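These notes concern the structure reproduced below.
The values are calculated or read from the model by the stated rules, or taken from the named source; none is laboratory data. Everything numeric here is computed off the predicted structure, so don't read it as measured data. Ideal geometry is used to build each Cβ from the backbone, glycine not excepted, and the neighbour counts take in all protein chains shown. For accessibility, only protein heavy atoms count, side chains too; no ligands or nucleic acids. Shrake-Rupley method; radii C 1.70, N 1.55, O 1.52, S 1.80 Å.
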Amino acid sequence: MQFGYSETCLEHDTGDRHPETPDRLRAIRRALAKRHGVDYVESQPVEQARLEAVHDADYIAEVKQFCEDGGGNWDPDTVASGSTWEATLASAGLAEWAAREAVAGADGRETPFALGRPPGHHAVEDDAMGFCFVNNAAVAAQALLDDGEADRVAIFDWDVHHGNGTQDIFYERGDVFYASFHEDGLYPGTGKVSETGEGAGEETNLNVPLAAGAGDGDYLYAVDETLAPALERFDPDLLIVSAGFDAHRHDPISRMRVSTEGYALLTDRVRDVADASNAGLSFVLEGGYGLDTLSDGVATVHETFDGRRPIDPDEGPNEKTELLVEDVRDAFDL
């Protein structure tokens, strides 16, 4: 794979005890150093106008000034330092680079993955939350739409938390499809099955709030029965994966049971979904707070594109997942 990476993203300092730390990127780099065929690319920071295409301009100005004044706690969870603004521009720029590479035809072993931080999927139009200041995946999607490089973009968020920011930004839009598989009831408490979009965006917002304890078989079943048919109908030009790895069974802040091999299986399924629509495919890093599980997760995504075939799980979905998927399919008339 091609990995977008910038040392600038290490300079976003959240303090000694914060789970979203520069060590996340360092751990990923160490894991990837043991793998074959890893390429790194440093893209240009995103232009501020790109941020203002999906975020309120006054909010963006406020974040910039907050960082220039030395940062601090925006809220109890979301922390900035004096270097966070530059890291934010770099992180969004990496996501935009990955999207452009994907629509230009980069696939297979050249599939792009943006390793940026701060993460983005909780950032709403006019506020920061959940460790996120700017919605990287949304910036990337909007940039390609604005430049005419894509007419329809899909974002699939497999982070354990619902990406409320991405949902809110595109909730009334018909040109961006957002799908989230997340742990039901976990922060920020959004992402109900009934939240399917409004106006032009009706049936372009798909939520699968899985019960705590869901594992590989549950996720794969949900992809096959909800995401795949929904995206076949939407027919995107680009599929962006908001790739968090905090649904891993050993992540410290969730109760899900996805294995490292499960992320390989998810990657394989997502690749098939993108291929079925002839869509470009890119990845953008979101959460994942166990350094070993995060780094192993990213590495197994790379290995899947490098030719390793994942091993099917021993178990299928549980009854809760089957009932949930039935509700989702009914909501979307799938």
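Just a few scattered comments:
- Prolate/oblate/rounded call for the stretch 223-333, Cα gyration tensor, a/c under 1.5 rounded: oblate
- Sequence-distant contacts, meaning Cα pairs under 8 Å at least 6 residues apart, place the relative contact order of the chain at 19 percent.
- Among beta bridges that DSSP assigns inside the chain, antiparallel share in %, nearest 5: 10
- Length gained when the stretch Asp126-Gln65 is fully extended (0.36 nm per residue, less Cα-Cα span): 20.5 nm
- Spin-label pair Leu323-Glu47: with each label point 7 Å from Cα along the Cα-Cβ axis, the two points sit 5.2 nm from one another.
- Note on the stretch 135-169 and the stretch 272-319: Cα centroid distance 19 Å, given to the nearest whole angstrom.
- With both labels modelled 7 Å from their Cα along Cα-to-Cβ, the Asn73 to Ala57 distance reads 3.3 nm.
- Most to least packed among 80-88, 270-278 [average Cβ atoms within 10 Å]: 80-88, 270-278
- Whether the chain is rounded, prolate or oblate, judged on the alpha carbon gyration tensor where a/c under 1.5 counts as rounded: rounded
- Placing dummy labels 7 Å off each Cα toward the beta-carbon, the span from Glu7 to Glu202 is 5.4 nm.
- All other residues whose Cβ lies under 12 angstrom from that of Met256 are scored, Lys and Arg at +1 and Asp and Glu at -1, for a net of -4.
- Centroid-to-centroid, using Cα positions, the stretch 183-256 and the stretch 1-71 are 24 Å apart.
- The stretch 109-222 shape via C-alpha gyration tensor axes, a/c threshold 1.5: rounded
- Per-residue [θ]222 nm for the chain (sum of -39500 (n - 2.57) over DSSP H runs n ≥ 4, rounded to 500): -11500 deg cm²/dmol
- Each Cα pair of the stretch 32-107 feeds into the Kirkwood radius, which the Stokes-Einstein equation turns, at 20 °C and 1.002 mPa s, into a diffusion coefficient of 150 µm²/s.
- Full extension of the chain between Asp272 and Arg308 yields a length gain of 11.5 nm, computed as 0.36 nm times the residue separation minus the alpha carbon distance.
- Eligible lysines near Lys192 by straight Cα distance, threshold 22 Å, same-chain separation 8 or greater: Lys320
- 3J(HN,Hα) along the stretch 183-200: 6, 4, x, 7, 3, x, x, 9, x, 7, 4, 6, 7, 10, x, 9, x, 5 Hz, from the Karplus curve 6.51 cos²θ - 1.76 cosθ + 1.60 with θ = phi - 60°, whole Hz, x for Gly and Pro.
- The HN-Hα couplings worked out from phi for the stretch 109-119 by the Karplus form 6.51 cos²θ - 1.76 cosθ + 1.60 (θ = phi - 60°) are 5, 9, 4, x, 9, 8, 9, x, 7, x, x Hz, whole numbers, x standing for Gly and Pro.
- Largest to smallest accessible area among Thr260, Thr321 [probe 1.4 Å]: Thr260, Thr321
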